[in-house]
Amino acid sequence: MQRRVATSLCHWGAFEAVVENGRLTEARPWPGGGADPDMIGAWPELAYGRARIRRPHVRRSCLERGAGAGGAGRGCEDMVPVDWDTALDLVASELEAVYRDHPAASVFGGSYGWSSAGRFHHARTQVRRFLAAAGGFTDQSGNYSWGAAAALLPHVLGDASAVSHAATGWDSIAEHSDALIAFGGLNPKNWRVTSGGAGYHHMPELVRRAADRGVRFVIISPISADIPPGIDALLIQPLPNTDTALILALAHEALCDDRADRAFLDRYTVGADRFIAYLRGADDNQPKTLEWAAGISGVPVGSLRELWRIVRSGRIMLTAAWSLQRARHGEQPYWALIALAAMLGQIGLPGGGFCFGFGSLNGVGMSARRGYVPAMPGLANPAASSIPAASVLDMLERPGETFEFNGRRGTYPDTRLIYWAGGNPFHHAQDLNRLEAAWKRPRTVIVHDAWWTATAQRADIVLPATTTLERNDIGGSSRDPFVFFMPKLIEPVGESRDDYAIFAELARRLGCHDRFTQGRDEEAWLRHLWSATRTRAARDGIDAPDYDGLRRAGHFHVPAPDEPEILLERFRSDPEANRLGTPSGRIELYSETIAGFGYDEDCPPRPAWIEPEEWLGAAAPDELHLLSSQPAKQLHGQLYQARRHNAPAPISLNPGDAAARGLRDGDIVRVFNGRGACLARLDEDCGLRQGVAIMPTGSWYAPGTDGSGVEQNGNPNVLTADRRTSRLGQGSAAQSVLVRVARRDPPVTAARTEE
Ligand SMILES: Nc1nc2c(c(=O)[nH]1)N[C@H]1C(S)=C(S)[C@@H](COP(=O)(O)OP(=O)(O)OC[C@H]3O[C@@H](n4cnc5c(=O)[nH]c(N)nc54)[C@H](O)[C@@H]3O)O[C@H]1N2
Ligand SMILES: Nc1nc2c(c(=O)[nH]1)N[C@H]1C(S)=C(S)[C@@H](COP(=O)(O)OP(=O)(O)OC[C@H]3O[C@@H](n4cnc5c(=O)[nH]c(N)nc54)[C@H](O)[C@@H]3O)O[C@H]1N2
Ligand SMILES: [Mo]
């Protein structure tokens, strides 16, 4: 028997793959890397399981009648396996027809999604390169993860690096912070994932080390599960979406208690006076007192006083999870937190100030040298058209209409063709039942994926992509000390092909082969990309191996940076020499630029509390606020096939809320609102605040397969509203949703399985 053990990488960590006689038999975490064994261990099922797409497929009526068939049958008709030439000819002729008869912007190719950890075969990058070479397309700008922050932070801080990359390091926190106040908490499940993949998954240990050094932890979240394991934290449980009120009240308290650092505000910020006037109630006759915040957030005023006593003394690190800004007016908690940190005057000091995302992704706050992970260059898009990442449904429903986005106006194109490779909109978008209807409008939908996701099931032409195991690549994360060579371990499963090879074939048919490939094959690209890393390393005086050396070694350990990261340290040390990229060069607590946009109702020019449309402050007595969090053992919709035995997904409720509905732990329930309904398995959680429900994202959308219209697997995005954070950020506001929960008829209690 031939046996080979080799290292590879995915977004959920570096792993060792065991290949016997050409077949992957086992995958386990890279020794010492700390990745989750269940997630890594799913690789054989991912490679060979029933969900794998093994051949190209075409929707039956498209095959029989061509594009004239219309989109009504999308997701209902059967998919017919075809040979590669038939499928590629069809894709090429559809693209040609649309480019001939319509502007290039009517090809939608933003293709948002996480794709692979390998940076060359990153499908989203490849599809955008291909469509740019072929004639142009409508792109997506910003992201789902921190769309609101991406738009806001450049106005406040000059760029968006504070959202994760420039975070103050955990060593600095352990050594210098007296307390870390974490809005949205530090849920360890989110540390299983790094964008680009990581060799180092030891955030729980870094946090524990900080606690051992005496850092006090305050977790502000509706659920105790957001406290990292083994940490003795103070838990404060506000109603969802009310953090801004809490933060503003702390800033107001800083004024009352004479703790506002005027010297810092004068030297490093602009607009402090207008912000302070708002805190005092000049604009709305409402001083932002602790009592005011208690009334909004449902946190007893005594707890807020206790919180202020912690915040008022010592070195304080303020942080917020990305979830807070994935809600209506999600710009505001971030801006308010920066303003509070400015009032405390510790921005730029070791262990002080603010940072975002510590609780959101592995590697945030881990010092690592940037610029070592190869990045595939893009190609200029001749259509010069883009929409905000989370506005796909609007685009499909409202062609020709104007949208506003961060001070600019754009027009939604009339989408004729959708091309998606490396993302899953029927996982990530909100209000999926509406998307289901709008998705039928375009003439053609083309999807590449390795698995039969809900999106692949709703395509006209499905092209089977290889996985990371079946091709050579280089991957890594800018938050991790390793870059990995990802060797081809097995032959392509079924007839699957690399996305790059598929696009190269299509480019040949469309006459743009050279523009797309630039004359390089996989090996030539990998050598080219790695040589850029070597040049970068040489600039730092670091000797990186050549391509063949990297390939032999399997990974390159990038030496740690010389200086630990402290957010805005240089700015603090010399604000004139290191002016920020804002118009004033300083931190903007009032932004003339945003004032000029005229977005007063949804994003005024200074931090503000604005009520969302859906929250417990405006709910009927039997409504619950639904949070849809990242899944514990999946990456979004990925890995679902290895965990589907748990279907439908759990919904966590406080036992009091369950009892009030006559429900018991383990019951299969119906979760519903005016937008849709899904099944879920009730999971009573004493650590969850009353009035709040939590479901993980990631279950594959299966609407009404029992004829009832009720989504069967527990996908919360049939319930979420397709509203954006504001006209500034146009981010996803998935976390602002009310639902009802009732017993499913007839009643069923699920056999309990592990999670
Ligand atoms: N309700 C709610 N919704 C949310 C969120 C939330 O908090 N609440 N969070 C949002 C966030 S932050 C995000 S980032 C999105 C995530 O949404 P997505 O990033 O779209 O989710 P993934 O399931 O990771 O999609 C990646 C797809 O690429 C495919 N893929 C992987 N490798 C390859 C490859 O090599 N080639 C090809 N062709 N395909 C490949 C995978 O099979 C998968 O279908 O979800 C968002 N949606
Ligand atoms: N295991 C796993 N980890 C992941 C991912 C995954 O799919 N699986 N996806 C990755 C991606 S793409 C992203 S963008 C990040 C997202 O990172 P986040 O957005 O931070 O992750 P979430 O799990 O949505 O939310 C974190 C916590 O915020 C709390 N929370 C939600 N709303 C509120 C609120 O209004 N106020 C307060 N105080 N707390 C609130 C919830 O209790 C939740 O547990 O996660 C990354 N990590
Ligand atoms: Mo994300």
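The values are calculated or read from the model by the stated rules, or taken from the named source; none is laboratory data. The structure presented is a predicted model; accordingly, all values stated were derived computationally and were not measured. Glycine gets a Cβ as well: all are built from the backbone with ideal geometry, and neighbour counts include every protein chain shown. Note: areas computed on protein heavy atoms with side chains; ligands, DNA, RNA excluded. Shrake-Rupley method; radii C 1.70, N 1.55, O 1.52, S 1.80 Å.
Table: residues versus (1) surrounded by fewer than 21 Cβ atoms within 10 Å (Cβ to Cβ); (2) within 16 Å of ligand 2 (Cβ to nearest atom).
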{"residue": "SER221", "(1), (2)": "no, yes"}
{"residue": "GLY230", "(1), (2)": "yes, no"}
{"residue": "LEU234", "(1), (2)": "yes, yes"}
{"residue": "ALA251", "(1), (2)": "no, no"}
{"residue": "ALA282", "(1), (2)": "yes, no"}
{"residue": "GLN286", "(1), (2)": "yes, no"}
{"residue": "ALA293", "(1), (2)": "no, yes"}
{"residue": "SER303", "(1), (2)": "yes, yes"}
Of the conditions (1) in contact with a Lys or Arg (Cβ under 9 Å, 6 or more places away or on another chain); (2) open to solvent by less than 10 Å² (accessible area, probe 1.4 Å), LYS189 fails just one. Which one is it? (2)
What pairs come out if I take residues in the range 197-220 that are among the β-branched types (Val, Ile, Thr) and pair them with residues that are away from ligand 3 (no atom under 16 Å from the Cβ) and in a loop (DSSP other than H, G, I, E, B) whose C-beta lies under 6 Å away, six or more apart or interchain? VAL207/PRO228; VAL215/SER177; ILE219/GLY185; ILE219/ILE227; ILE219/ALA233
Which listed residue, of LEU344, LEU324, LEU337, is assigned by TED's automatic domain parsing to the domain that holds SER172, of a type in the set (A, V, I, L, M, F, W, C), open to solvent by 10 Å² or more (accessible area, probe 1.4 Å) and in contact with a helix residue (DSSP H, G or I) (Cβ under 6 Å, 6 or more places away or on another chain): LEU324
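Here is a yes/no grid of residues against (1) surrounded by fewer than 18 Cβ atoms within 10 Å (Cβ to Cβ); (2) part of a helix (DSSP H, G or I):
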residue	(1), (2)
PHE15	no, no
GLU26	yes, no
PRO31	yes, no
GLY34	no, no
LEU46	no, yes
GLY66	yes, yes
GLY75	no, no
SER93	yes, yes
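Table: residues versus (1) of a type in the set (A, V, I, L, M, F, W, C); (2) surrounded by fewer than 21 Cβ atoms within 10 Å (Cβ to Cβ); (3) in contact with an Asp or Glu (Cβ under 6 Å, 6 or more places away or on another chain).
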| site | (1), (2), (3) |
| --- | --- |
| LEU624 | yes, no, no |
| GLY637 | no, no, no |
| ALA660 | yes, yes, no |
| VAL669 | yes, no, no |
| CYS686 | yes, yes, no |
| ARG689 | no, no, no |
Go through the range 108-130 and report how many residues are open to solvent by 10 Å² or more (accessible area, probe 1.4 Å), more than 16 Å from ligand 2 (Cβ to nearest atom) and outside any helix (DSSP H, G or I). 1
The range 445-465, residues that are among the β-branched types (Val, Ile, Thr) and crowded, with 24+ Cβ neighbours inside 10 Å: VAL445, VAL447, THR453, THR455, ILE461, VAL462
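Going through ALA198, ALA225, ALA272, ALA263 one at a time, which residue ends up being within 11 Å of ligand 2 (Cβ to nearest atom) and either assigned by TED's automatic domain parsing to the domain that holds ALA167 or under 25 Å from the mean Cα position of the chain (by Cα) (or both)? Working first, answer last.
On the way: ALA198 fails: within 11 Å of ligand 2 (Cβ to nearest atom); ALA272 fails: within 11 Å of ligand 2 (Cβ to nearest atom); ALA263 fails: within 11 Å of ligand 2 (Cβ to nearest atom).
Going through ALA198, ALA225, ALA272, ALA263 in turn, the sole match is ALA225.
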Just to be sure I understand the filter: pairs with C-beta atoms under 6 Å, separated by 6 or more residues or on different chains, first member in the range 627-642 and closer than 12 Å to VAL193 by Cα, second member part of a strand (DSSP E or B) and more than 8 Å from ligand 1 (Cβ to nearest atom). Which pairs pass? PRO631/PRO696
Note on TRP615: of the conditions (1) surrounded by 14 or more Cβ atoms within 10 Å (Cβ to Cβ); (2) touching a helix residue (DSSP H, G or I) at 6+ places or on another chain (Cβ under 9 Å), unmet is (2)
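Going by what's in this entry, would ASP514 be described as in a helix (DSSP H, G or I), away from ligand 2 (no atom under 16 Å from the Cβ) and more than 30 Å from the chain's Cα centre (by Cα)?
Working: in a helix (DSSP H, G or I): yes; away from ligand 2 (no atom under 16 Å from the Cβ): yes; more than 30 Å from the chain's Cα centre (by Cα): yes.
Against the criterion (in a helix (DSSP H, G or I), away from ligand 2 (no atom under 16 Å from the Cβ) and more than 30 Å from the chain's Cα centre (by Cα)), ASP514 qualifies.
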Those residues of the range 377-422 that are more than 16 Å from PRO442 (Cβ to Cβ) and within 16 Å of ligand 3 (Cβ to nearest atom) come to a total of 4
For the range 48-64: of the residues being charged (D, E, K, R) and closer than 20 Å to LEU88 by Cα, which is surrounded by the fewest Cβ atoms within 10 Å (Cβ to Cβ)? GLU64
When the range 426-444 is examined, which residues are found to be open to solvent by less than 10 Å² (accessible area, probe 1.4 Å) and either more than 22 Å from ASN143 (Cβ to Cβ) or at pLDDT below 95 (or both)? PRO442, THR444
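Within the range 639-646, does at least one residue satisfy the condition of being assigned to a loop (DSSP other than H, G, I, E, B), within 13 Å of ligand 2 (Cβ to nearest atom) and not assigned by TED's automatic domain parsing to the domain that holds ASN285? Please lay out each step first, then the result.
Taking the range 639-646 first, the residues assigned to a loop (DSSP other than H, G, I, E, B) are 639.
Those still in the list that are within 13 Å of ligand 2 (Cβ to nearest atom) too: 639.
Subset that is not assigned by TED's automatic domain parsing to the domain that holds ASN285: 639.
Yes, that holds for at least one residue.
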Please count how many residues of the range 381-409 are surrounded by fewer than 19 Cβ atoms within 10 Å (Cβ to Cβ) and either more than 22 Å from ALA97 (Cα to Cα) or not assigned by TED's automatic domain parsing to the domain that holds ALA104 (or both). 10
Being away from ligand 1 (no atom under 13 Å from the Cβ), within 26 Å of ASN143 (Cα to Cα), part of a loop (DSSP other than H, G, I, E, B) and not polar (S, T, N, Q) is the filter here; which residues of the range 699-744 pass it? ALA702, ARG727, LEU728, GLY729
Pick from the range 140-162 the residues that are part of a loop (DSSP other than H, G, I, E, B) and away from ligand 3 (no atom under 16 Å from the Cβ): which of them is least open to solvent (accessible area, probe 1.4 Å)? GLY158
